[in-house]
1. What does the helix-only formula give at 222 nm for the chain: each DSSP H stretch with n ≥ 4 adding -39500 (n - 2.57), the total divided by the residues, and the result rounded to the nearest 500 deg cm²/dmol?
2. Ser318 to Ser223: extension gain in nm, 0.36 nm per residue of separation minus the Cα-Cα distance?
3. Could you give each residue of the stretch 81-95 its phi-based ³J(HN,Hα) in whole Hz, using Karplus coefficients 6.51, -1.76, 1.60 with θ = phi - 60°, and x for Gly or Pro?
4. I need the phi-derived Karplus couplings for the stretch 144-151: 6.51 cos²θ - 1.76 cosθ + 1.60, θ = phi - 60°, integer Hz, Gly and Pro marked x.
5. What are the radius of gyration and Dmax of the stretch 147-213, computed over its Cα atoms and given in Å?
6. Collect residues whose amide H, placed 1.01 Å from N in the peptide plane, falls under 5 Å from the amide H of Asp196; neighbours closer than 5 in sequence don't count.
7. Mind putting a number on the dipole of the stretch 240-366 about its Cα centre? Charges go on the C-beta only, +1 for Lys and Arg and -1 for Asp and Glu, and I need it in Debye to the nearest 20.
8. Take Arg431 and His77, extend 7 Å from each Cα along the Cα→Cβ direction, and tell me the distance between the two endpoints in nm.
Amino acid sequence: MKQQRMRGASVRRTARLAAGVLVVAAGALVLDGGPALADPAPPVAQAPTAAAQRDGCTVDQLRPDANCQRSWLPSIHLRYGTDLRGIDLELSQLDHAHLPGVQFGDVEDWTSANARLDFAYLSEADLSDAKLVGVAAWSVNLHEANLTKADLTKADLSDADLTGADLSDATLTGANLTGTNLKGTNLTGAQLVGADLSGKDLTGTTLTGANLTGANLSGVDLSGRDLTGTTLSGANLSGTILSGANLTGANLSGVDLSGKDLTGTTLSGANLTDATLKGTNLTGAQLVGVDLSGKDLTGTILAGANLTGANLSGMDLSGRDLTGTTLSGANLARAQLVGADLSRADLTGKDRIGADLTDANLTGARIENADARAANFTRATLEGTNFHRTNLVLATLTGARLDTLTNFDGADLGWTIWIDGHHCTATSKGRCS
């Protein structure tokens with residue numbers, strides 16, 4: 001009940017203050033109904049307000065449950081873990097404050113109402129490890145504040161200024177970020193489960209390793225960003241721009257990436273379990289070691305992509321443009337590549353067993369040291385194709401097009417069906433005999 005009364009009172013106070021403008025100048029708090037004007041006179045620090053002089057609201061002491069509205073308390077230093085639940089610091093100035101581990105709120109104990117920080121000025125304050133669970137902090141100024149490992153679970157940060165703030169490893173699960181300015185904010189390793197970041201300008205914001213499970217990132221521009229190790233499982237990426245982003249090792253399970261432009265995006269080692277890639281543009285994308293087996297890649301563009309070590313076993317890539325694609329070490333066992341354009345593609349490595357390359361274009365492709373037993377190259381274009389030391393036992397080359405640059409040096413052609421339809425001998429090496 002006390003919490004509800006305080007929130008109701010704050011709404012009324014906010015209404016009364018609507019006509020005023022908060023101006024912080026020369027290290028003091030000033031209420032001015034008009035625009036802020038440059039003062040040619042040397043800045044003079046103003047004396048603390050009456051509220052600041054009351055017991056429990058001085059730079060030497062802050063008391064829990066004290067009414068410290070509009071207090072001037074810059075550079076205040078408090079012991080680690082000081083309990084300030086219930087204190088009212090609305091419209092107060094605490095820039096450069098040293099408040100590590102301070103407890104402003106706690107969802108486990110509602111006997112004391114959480115603190116109020118609405119419109120407070122905490123620019124460059126040290127709030128590392130602070131407990132800000134459920135606090136009301138509308139329009140709070142936390143510009144370049146240190147909030148590393150701070151707990152802001154369910155905090156109301158609507159319209160707050162967090163530009164340049166350090167929120168690495170902080171918890172923001174369930175926090176209200178409506179209108180919050182996060183430009184240049186460090187959110188490395190932060191917990192942002194279910195956060196609504198839709199439409200936000202995240203220019204310069206660091207999200208490496210952040211947990212964005214189920215978050216709403218619709219309309220956010222993350223192109224070229226480092227999202228290494230970020231968890232985006234179940235996130236809403238509708239309209240999110242990710243081209244050129246680094247998503248190495250990211251968790252994208254269950255994410256809908258269909259139709260997205262991921263040109264040049266790095267997805268190496270990413271978890272794409274149950275992710276949708278239908279119609280996705282992966283031109284030049286890095287997909288090293290990614291498991292794509294069983295995925296529907298209808299309309300997906302993979303030209304020039306790096307699929308080194310990727311799992312494509314049993315995939316149907318028939319008729320696809322795979323020009324210049326790197327498939328070195330990729331698992332292509334039983335893959336369907338009928339009519340695919342694999343010119344200049346790198347197919348070196350194992351696991352080509354039983355792949356169907358009927359009518360495929362392999363001009364200038366490299367299939368060196370590969371295990372292509374029982375692979376089907378019927379009517380394939382093999383001009384300039386390099387099969388150096390490849391195992392082609394029981395492979396079919398009926399009607400394939402060769403030229404003088406086609407290289408079978410050291411290849412095992414035992415029982416291979418040659419281009420004219422006859423079987424090579426079991427001991428054929430380098431040439432069909």
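1. One gets -1500 deg cm²/dmol as the mean residue ellipticity at 222 nm.
2. Once the chain is fully extended between Ser318 and Ser223, it gains 31.2 nm.
3. With coefficients 6.51, -1.76 and 1.60, one gets x, 4, 8, 10, 4, x, 5, 10, 10, 4, 6, 8, 10, 10, 5 Hz.
4. Taking θ as phi minus 60°, the curve returns 6, 6, 9, 10, 4, 6, 6, 9 Hz for the stretch 144-151.
5. 10.2, 26
6. Counting only residues 5 or more places away or on other chains, the set is Leu177, Asn216.
7. For this selection, approximately 220 debye.
8. For Arg431 paired with His77, the spin-label model returns 8.8 nm.
The values are calculated or read from the model by the stated rules, or taken from the named source; none is laboratory data. Note that this is a predicted model, so its numbers are computed, not measured. With ideal geometry, Cβ positions are generated from the backbone for all residues, glycine too; neighbour counts draw on all protein chains shown. In case anyone asks, the SASA skips ligands and DNA or RNA and just uses the protein heavy atoms, side chains included. Shrake-Rupley method; radii C 1.70, N 1.55, O 1.52, S 1.80 Å.
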